[in-house]
Amino acid sequence: MEPTGFFTGVQIRPIIVGVVVDYIATYAGTYAYFFIYLAKQLSKQGEVTGDQIRDYMTSPEGLIIGFVIGVLGTALGGFVAALKAGKLGIKHGALVGLCSLILSFIEQSLQEESASLPEWFRFLSVLAIIPAGALGGFVAEAFIGFGRSQRQSGGNWPGT
């Protein structure tokens, strides 16, 4: 018997699908919040300008909301990857977070003019992205496990 390696059992396609879901969910959530909800709220105070939205997005409140949307997007990507893989959900979810982190670094390096974000926000984002994906994978594993135990026993709760 040989030892199991870190990448043993990892499937690439579910990770790619998870990263795509992460990016779509994060951008859709961000645009929906900032450009639909926030613009509507700011329009109550008068005319809305792009500068107002940009200033809010870089305020501590806007950064935290953007962070939460990003974490939820990554968790959703990890969830989808784990469901698609059907096994090793936490590992697939964490790899979605890692790949999303790498892609975001590449995306930022390719931007000519990047937004000036505080260091605490960058640190928090980097620190949270892999665990967020792993959390999505964990929830998917629990979801898959709950479905299996319910089908096997015929009850409503695991083990009944």
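The values are calculated or read from the model by the stated rules, or taken from the named source; none is laboratory data. None of the values given here were measured: they were computed from a predicted structure. FYI the Cβ positions are ideal-geometry reconstructions off the backbone, even for glycines, and counts take in every protein chain you see. With ligands, DNA and RNA removed, areas are computed over all heavy atoms of the protein, side chains included. Shrake-Rupley method; radii C 1.70, N 1.55, O 1.52, S 1.80 Å.
Annotations
- Label-point separation in nm, L117 to E61, each point 7 Å along Cα→Cβ: 2.0
- The fraction of accessible area contributed by carbon and sulfur in the chain is 67 percent, rounded to a whole number (1.4 Å probe; ligands and nucleic acids excluded).
- Given R0 = 30 Å, the distance between the Cβ atoms of K40 and R13 translates into a calculated FRET efficiency of 0.15.
- Only Cα pairs under 8 Å and 6+ residues apart enter the sum, and on that basis the relative contact order of the chain stands at 28 percent.
- Cross-link partners for K40 among the aspartates and glutamates, with Cα-Cα distance under 19 Å and sequence neighbours closer than 8 places in the same chain left out: D51, D55, E61.
- Once volume of the Cα convex hull per residue in Å³ is calculated for the structure shown, the corresponding label among (i) 90; (ii) 155; (iii) 144 turns out to be (ii).
- Counted residue by residue at 0.36 nm each, then reduced by the alpha carbon distance between them, the extension gain from L110 to K87 reaches 4.8 nm.
- For region 55-135, accessible area per residue (1.4 Å probe, heavy atoms of protein chains only), Å²: 54
- Qualifying aspartates and glutamates (Cα of each under 19 Å from Cα of K91; at least 8 residues distant if same chain): D22, E141
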